[in-house]
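All remarks here apply to the structure that follows.
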Amino acid sequence: MTSDVVTVGPDTSVKYAAEVMAEHGFAALPVVDDDEQVMGIVAEADVLRDRLPQDPRLHLRRTPEPDRALPLLVRGAMTEQVQSVGPADDIADVARLFVDQRLRSMPVVDAGRLVGIVSRRDLLRALVRPDAQIRHDLLSLVEGYTGDLGAWDVEVTEGLATIRRTRGAPEGSRAAEERALSALARTVGGVVGVRVPSPGAVSAPAAATGS
């Protein structure tokens, strides 16, 4: 997520909110009160709605629509029912919300207070991490968890991680270790699938996100 969030207040002008979104390329801005409590969100669609009058030269056959009073302040244009996520939420669940609800960004809220914002672009950045960087982070995590230094062969190809024990034996059962390592690998940003093959066996890829 992005912690340094540009916000507006409910009494900010709609025009100013539009200027901020246009200048910075934001899809939406959280609306907060003086205590950083989230009151709503104002999106591009909110400031565009009914604010671009039709050119009468291009619509001569249309009956002109009567002028309507448009809200000048954000409180009159914002959406109050806001879909938000928490700082500890699973990014897989966040991605599902983006897809299912066709959202572009969501505020990150802790006890009602804004602590950041997450966008589809943030999730894409996690997916496009270099394989070498993913491998480095994953190997460090595996060695730290098991305490077995130099006992692992970790490969990452297009985000698909393969973890093999090259020496030594797990403290518990091998199946328990494989489950633990598979779950551990899914916490590394950029991992899209995990394989933990047993000696002499070939494991099928497992998706990094559950259903």
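The values are calculated or read from the model by the stated rules, or taken from the named source; none is laboratory data. Nothing here was measured: the structure is a model prediction, and the numbers come from that model. Reconstructed Cβ throughout: ideal geometry from the backbone, glycine too, with neighbour counts over all protein chains shown.
Scanning region 16-35 for residues that are surrounded by fewer than 11 Cβ atoms within 10 Å (Cβ to Cβ), in contact (Cβ under 8 Å) with a residue 12 or more places away in the chain and not acidic (Asp, Glu) turns up just one, His24.
Among the conditions (1) crowded, with 16+ Cβ neighbours inside 10 Å; (2) in a helix (DSSP H, G or I); (3) at pLDDT 85 or above, the only one that Ile41 does not satisfy is (2).
Condition test on Leu139, is it under 30 Å from Pro10 (Cα atoms) and surrounded by 12 or more Cβ atoms within 10 Å (Cβ to Cβ)?
No: the conditions fail for Leu139.
In region 78-162, counting only strands (runs of 3 or more DSSP E) that sit wholly within it, the ones holding 2 or more residues that are out of contact with any Asp or Glu (no Cβ under 6 Å at 6 or more places or on another chain) and more than 20 Å from Ala180 (Cβ to Cβ) span 105-110, 113-119. On inspection, Thr79 passes the criterion of being modelled with pLDDT of 85 or more, β-branched (Val, Ile, Thr) and surrounded by fewer than 18 Cβ atoms within 10 Å (Cβ to Cβ). Listed by first and then second residue, the pairs linking a residue in region 79-98 that is closer than 11 Å to Leu123 by Cα to a residue that is in a helix (DSSP H, G or I) and of a type in the set (Lys, Arg), with Cβ atoms under 8 Å apart and 6 or more places separating them unless they lie on different chains, are Phe98/Arg120. Considering every residue within region 98-110, establish whether at least one is over 30 Å from Leu48 (Cβ atoms), surrounded by fewer than 17 Cβ atoms within 10 Å (Cβ to Cβ), more than 9 Å from the chain's Cα centre (by Cα) and not assigned by TED's automatic domain parsing to the domain that holds Val191. Yes.
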